[in-house]
1. How large is the accessible surface per residue of the stretch 1-42, computed with a 1.4 Å probe and reported in Å² as a whole number?
2. Express the accessible area of the stretch 123-189 per residue in Å², computed with a 1.4 Å probe while the remaining protein chains stay in the model.
3. For the chain, give the percent of accessible area contributed by carbon and sulfur heavy atoms, probe 1.4 Å, rounded to a whole number.
4. Which angle between 0 and 90 degrees, to the nearest 10, do you get for helix 83-94 versus the longest principal axis of the chain when only C-alpha atoms count?
5. Determine the calculated [θ] at 222 nm for the chain from helices alone, applying -39500 (n - 2.57) to every DSSP H run no shorter than 4 residues and normalising by the residue count; nearest 500 deg cm²/dmol.
6. Cut-off under 24 Å on the C-alpha distance; same-chain residues fewer than 8 positions from LYS171 excluded. Which lysines are left, in chain and number order?
7. How big is the charge dipole of the chain about its Cα centre, in debye rounded to the nearest 20, if each Lys and Arg gets +1 on its Cβ and each Asp and Glu gets -1 on its Cβ?
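The values are calculated or read from the model by the stated rules, or taken from the named source; none is laboratory data. Computed from a prediction, not measured in an experiment: that's the story for all the values here. Neighbour counts run over all protein chains shown; Cβ positions are idealised from the backbone, glycine included. When the accessible area is computed, the model is the full protein with side chains, heavy atoms only, and any ligands, DNA or RNA have been set aside. Shrake-Rupley method; radii C 1.70, N 1.55, O 1.52, S 1.80 Å.
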Amino acid sequence: MSSISRLGAVSGILACVGGFVVETYAASNYPGYSPISQSISRLGSLESPLYYLITGWSVVFTILITVFAYGFYTAFRNEFHRVKLASFLIFIYGLGEGLVAGIFPMDTTVIDRIDLFDPHNIASGIGVASLVLFPFVVEPLFRGKDRKGAMYTLLVAVFGLLFFLLFLLAKFDYYPILVPFKGLWQRLFQVIYYSYFMFIAIRMIKVRPAKN
């Protein structure tokens, strides 16, 4: 079981690092694209020259995150009672933001407005909601046992939610001053949670094998 948790940890790290690499490459090869003002979803839109790259990566990303979720469950199943819920949230994030969002890319004609019935928005919204909930669910894993881990979890929960709200306000065009930085808010949000996933992955490698 220890080997499974370690495989999951490696898969989680590869998913996060790979996401940064693929998105950076796509952004730098999309003429006129601005990572500061434009969302990540635009990279995988039907009109994007990197459509097939992003769609292909979405499948790989979901597979890697699914293995990470199972490895997380294996590593911490005896550590805290919310482990099934936490593992499920990881899986739902990978499925929503990866495979499903990739299968249903956004059209650039609607990409800058909210369409609550758009399959891409629904899948992405469910995935992001799972990600935002994750540190709140995982908090008992560190409480009273790992002060640094608990503090880091709190910071992720607070600042992750903050940048998520800033991104939503920019996407809804609620505060015009935030709109030119829509891509920035989304990427800061992503950096916070991906860094946390890698932090969790390292803990998975170090954890002792769970006993039956």
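1. Details: 1980 Å² over 42 residues.
Per-residue accessible area for the stretch 1-42 comes out at 47 Å².
2. Numbers: 3590 Å² over 67 residues.
Averaged over the residues of the stretch 123-189, the accessible area is 54 Å².
3. Working: 7560 of 10770 Å².
About 70 percent, which is the carbon plus sulfur part of the accessible surface.
4. 20 degrees
5. Details: 6 runs with 139 residues, N = 212.
Rounded to the nearest 500, it is -23000 deg cm²/dmol.
6. Cross-link targets: LYS182.
7. Numbers: 17 positive and 11 negative charges, 248 e Å.
Computed charge dipole of the chain: roughly 1200 debye.
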